[in-house]
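Every read-out reported here was derived from the displayed coordinates using simple, explicitly stated rules and does not represent laboratory data. It should be emphasised that the depicted structure is a prediction, and the values quoted were computed from it without experimental measurement. Using ideal geometry, Cβ is built from the backbone for each residue, glycine included, and neighbour counts are taken over all protein chains shown.
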Amino acid sequence: MTKTFADQVRDTEARHVLQTYKRAPIVLVRGQGARVWDTEGKDYLDFTSGVGVASLGHANAGLTKVLAEQASTLVHTSNLFFHPYQAELSEKLARLSGLDRTFFCNSGTEAMEACLKFARRYWYTKGHRERTRFVALTRAFHGRTFGSLSVTADPHYREPFEPLVPGVTFVDPTDASALDAAVTDQTAAIVVEPIQGEGGVRPLPAAFVASIRAAVARTGTLVIADEVQSGLGRTGCAFHSTTLGLDPDLISIGKALGGGIPIGAALIRESIGQAVAPGDHGSTYGGNLLACRAGLYFVDQLLEGDLLAHVAAVGAHFERRLQAIAASHPMVSEVRGAGVIRGLEIDRPASDVVEAARPLGLLVNATAKTVVRLLPPLTITADEIDEAMERLDRAFTAVEGGVQ
C-alpha cells in the first residue's frame, strides 16, 4: 500500500527524532485562529493552542506582519550589542507586572532557571550565603532543566535524573501550616504556580496564599511566581498572582509572550536586580530582535487592546458551558481554573477523553492523569467555545459508552 505523506513523516521521525514525546498520530500543516488542519484536510478546534503558546491564535495577521517585517530587516545580533526592542519590551513588561527588571531568554523553563539563580545571587550579595534553600509545592511543575526540575515535585519527572539540586523542601498547598514549618532563615525563595497547570489546573488556595505572606513577613524570604501558564492574560488579568493577593519578587513567563515565537523572561524586583552583576547569567538567543518584536506585539494587545476584557468575558461563558457538561456527565467530579485555562477532573484516565475528542475535531490534552486540560487561544470566541463544548460533550458520551 502506498504510504501517505503523514505516514512518511511518522516513519522518518521514528528513525531519527529522539523519542521523548508521545505524539497524537495526526500531522498538522496549517492553522488559522482557533483551528488547525492536518495533512488529510481535516480541521480541528485547537483547545491546546500549543500548550498555551498560540495565545493570539494561529497565523494571526498582525503578528505575521510584524514578524515578516523584522525577519527581512534584522533577526539576531547577540547580547554583545544594543537593539531597540529589549528596552521597549522590558518597559512594557514592567508596566504590566510592577517589577522593574527583565532578563530575556527563550522559554519558561529557562525563565524559572534564571529566577532560581537570581534568588540565590540576591542572598549571596547581601552576605547571607546560608540562604540557598527553596520551598516548592507538591504537584508543582516548573520545567525539565536541572534547576527547574529540582523544584518540580513529580517523581516521574525527577527520579531518572537524580541527584538534582539539593536543598528543596516540598509542601502540600492544601496544608497552610506546613509552609510555616518549611520556611526558615535558610530559605532563599518560595516557588509557586498561582494555578498549577501540569498539576491538574489547581488554583492556589487562599489560606495557603495567606501563609506565604506570613512566612515572608517573618523571614524576608523571596517569592518566585511561575506564571508561564497562568500569566499574560490567560485568566483575564495580566498576572494571576495579583488576583490571589500575592506580591512576588520574581516572575517567570514564557508560552503566550511570543504568540508562537520562542521567548521567555524573568521579571525581577529592582532590589534583586541590583544584586546581579554582569556575567552572572546569559543567553545567546535571549531577547533577539525577532522574539522581542513578537513579544511587543502580544503585550500591546494586553496593554492597549481589549484582550484582557475579552478573556474575562469568554472565560465566564466557558465556565458556564463546562459546568453544564459536568452536570450532565457523572464522570466529571470538578471543574477548575479561570479565564481560558480550565481543567475537568474525571473518574478515569483523561487520555480516554483526549482520544475520543480528536476524531470529533477537538484537540484537548490530559494532565495529572485524570484531568482534561483546555487551553484555547486568548482570542477564542463564544461561538467557538460553544462549538467545542458540543464536541466535548459528544466525546464524554462516547467514553461513557453511549452514542456520540
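Some notes on this structure:
- Highest mean packing comes first when the peptides 187-196, 384-393 are listed by Cβ atoms within 10 Å, giving 187-196, 384-393.
- Averaging the Cα positions of each part gives two centres, and for the range 68-118 and the range 259-293 these lie 5 Å apart.
- Scattering profile of the range 85-303 at q = 0.08, 0.12, 0.17, 0.18 Å⁻¹ [log10 I(q)/I(0), Debye over alpha-carbon scatterers]: -0.25, -0.57, -1.20, -1.35
- Chymotrypsin sites (Phe, Trp or Tyr not before Pro) restricted to DSSP loop in the range 17-68 with at most 13 other C-beta within 10 Å: Y21
- For the chain, the antiparallel share of DSSP beta bridges with both residues in that region comes to about 65%.
- HN-Hα J in Hz across the range 85-102 - Karplus 6.51, -1.76, 1.60, θ = phi - 60°, x for Gly and Pro: 8, 4, 4, 5, 5, 5, 4, 6, 5, 5, 4, 5, 9, x, 9, 7, 10, 10
- Highest-fluctuation residue, R139, R218, R336 considered, GNM on the chain with Cα pairs under 10 Å: R218
- Across the range 66-221, the mean sequence separation of Cα contacts (distance under 8 Å, 6 or more residues apart), normalised by length, yields a relative contact order of 19 percent.
- The range 178-263: radius of gyration over Cα atoms, expressed as a fraction of 2.2 N^0.38 Å: 1.12
- Label point distance in nm, E69-K22, each placed 7 Å from Cα along Cα→Cβ: 4.4
- Listed residues R35, R101, R15, most fluctuating in the chain (Gaussian network, C-alpha, under 10 Å): R15
- Centre-to-centre separation between the Cα atoms of the range 366-388 and those of the range 1-45: 21 Å.
- Taken about its Cα centre, the range 85-303 carries a charge dipole of roughly 240 debye when the Cβ of each Lys and Arg holds +1 and the Cβ of each Asp and Glu holds -1.
- For the chain, the ratio of Cα radius of gyration to the globular rule of thumb 2.2 N^0.38 Å stands at 0.99.
- R0 of 35 Å, Cβ-Cβ distance A217-V165: FRET efficiency to nearest 0.05: 0.85
- Shape analysis of the range 18-69 places it in the prolate category; the axes a ≥ b ≥ c from the Cα gyration tensor give an a/c of at least 1.5, with a/b above b/c.
- Centroid-to-centroid separation of the range 312-348 and the range 186-216 [C-alpha atoms, Å]: 23
- D (Stokes-Einstein, µm²/s), Kirkwood Cα radius, the range 1-155, 0.692 mPa s at 37 °C: 164
- The average projected area of the range 272-404, computed from the convex hull of its Cα atoms over all directions, is 11.5 nm².
- The range 1-108, relative contact order [Cα under 8 Å, separation at least 6], %: 13
- Percentage relative contact order, the chain, counting C-alpha pairs under 8 Å, at least six apart: 21
- Dividing the summed -39500 (n - 2.57) terms of all DSSP H runs of n ≥ 4 by the residue count of the chain sets its mean residue ellipticity at 222 nm at -12000 deg cm²/dmol.
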